[in-house]
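**Q** Below you will find the structure I want to go over with you.
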Amino acid sequence: MNWRSKHIWIELLRESRKTSNFFWSFILFLGSLGFLVVGTSSYLGKNILSVFPSEQILFFPQGLIMSFYGIAGLFMSSYLWSTILWNVGSGYDQFDRKERIVCIFRWGFPGINRRIFLRFHMKDIQSIRIQYKEGIYPRRVLYMEIRGQGAIPLTRTDDNFLTQGKIEQKAAELAYFLCVPIEVF
């Protein structure tokens, strides 16, 4: 969701609370729970659930490995659910031409640096940079080059849904709004 007027541009980001993250964390939870049930059933020598037959699986080594995969999957699933719960990576980008200030806010993991807030003057913005990396896993990332601070990413580095035309259009609109040049790498 974006909001834009003559002097202010606000772009809201919802990073970890995407439908795909809910889907994958749920699938990972169910799969790892299935592995753990089969491993436990093979240890006990009887079926805990009739859906997961385990009479033909010996505990050592198959049941032990399945239990390990189940526990590891539950840890990974809890990590994904935690990022969704804490809404890690979400925030906003605010560009204010009237005050000549740019604010970038992101939520991080709980702790001292949970709130990431960057604020700087527009005169310190050198350019808007687009970085392309083609191949098996293509990347298209939009950066803002800041004098003295380096490049700050404005889009996710793993956001493959941004086509080349969309990211170029977004970069052109932002560069025009901020009155800075565009660089392509």
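Bear in mind these aren't lab numbers, they're just calculated from the coordinates by the rules spelled out. What you see is a predicted model; the values in this text were computed from it and never measured. Cβ: placed from backbone, ideal geometry, glycine included. Neighbour counts: every protein chain shown.
**Q** Using 1/(1 + (r/R0)^6) with R0 = 45 angstrom and r between the beta carbons of A172 and I65, what's the FRET efficiency to the nearest 0.05?
**A** 0.30
**Q** Can you compute 3J(HN,Hα) from phi for each residue in the stretch 8-18, using the Karplus curve 6.51 cos²θ - 1.76 cosθ + 1.60 with θ = phi - 60°, rounded to whole Hz and x for Gly and Pro?
**A** Taking θ as phi minus 60°, the curve returns 10, 10, 10, 10, 8, 10, 10, 1, 7, 8, 9 Hz for the stretch 8-18.
**Q** Now for a different question. What ranking do 4-12, 166-174 get when scored by the average of other Cβ atoms within 10 Å per residue, highest first?
**A** Per-residue Cβ counts within 10 Å, averaged per peptide and sorted highest first, yield 166-174, 4-12.
**Q** For the pair E134 and I27, what calculated FRET efficiency results from E = 1/(1 + (r/R0)^6), where r is the Cβ-Cβ distance and R0 = 35 Å, to the nearest 0.05?
**A** Given R0 = 35 Å and the Cβ-Cβ separation, E is 0.75.
**Q** Sticking with this structure for a sec: Express in nm, to one decimal, how much length is gained between M76 and Q126 on full extension, taking 0.36 nm for each residue of separation and deducting their alpha carbon distance.
**A** 14.0 nm
**Q** Calculated from DSSP H runs of 4 or more alone, at -39500 (n - 2.57) each and per residue, what is the 222 nm mean residue ellipticity of the chain, nearest 500?
**A** -12000 deg cm²/dmol
**Q** For S127, list long-range residues whose amide hydrogen, built 1.01 Å from N in the peptide plane, is under 5 Å from its own amide hydrogen.
**A** Amide H to amide H, under 5 Å and 5 or more residues apart or across chains, S127 pairs with E145.
**Q** Which far-off residues, 5 or more places away or on another chain, put their amide H under 5 Å from the one on E15, with H placed in the peptide plane?
**A** The list, which skips near neighbours in sequence, is S90, G91.
**Q** Okay, next question. Could you tell me how many degrees, from 0 to 90 and to the nearest 10, lie between the Cα long axis of helix 64-86 and the main elongation axis, the longest principal axis, of the Cα atoms of the chain?
**A** 30
**Q** To the nearest 0.05, how large is the calculated FRET efficiency for E99 and S20 if R₀ is 35 Å and r is the Cβ-Cβ distance?
**A** 0.45
**Q** Sticking with this structure for a sec: Treating the angle as unsigned and between 0 and 90°, give the value, to the nearest 10°, between the Cα long axis of helix 19-44 and the longest Cα principal axis of the chain.
**A** So the helix axis and the longest Cα principal axis differ by about 20 degrees.
**Q** After finding the eigenvalues of the alpha carbon gyration tensor for the stretch 20-86, what semi-axes result from the square roots of 5 times each, listed largest first in whole Å?
**A** Over the Cα atoms of the stretch 20-86, the semi-axes work out to 26, 11, 7 Å.
**Q** While we're here: Calculate, axis by axis, the spread of Cα positions in the stretch 56-132 along the three principal axes, and write the results as whole Å, longest axis first.
**A** Here the spans come out as 71, 32, 16 Å, largest first.
**Q** Moving on to the next point. When the Kirkwood radius is taken over all Cα pairs of the chain, what Stokes-Einstein diffusion coefficient follows at 4 °C and 1.567 mPa s, in µm²/s?
**A** Answer from the Stokes-Einstein relation: 66 µm²/s.
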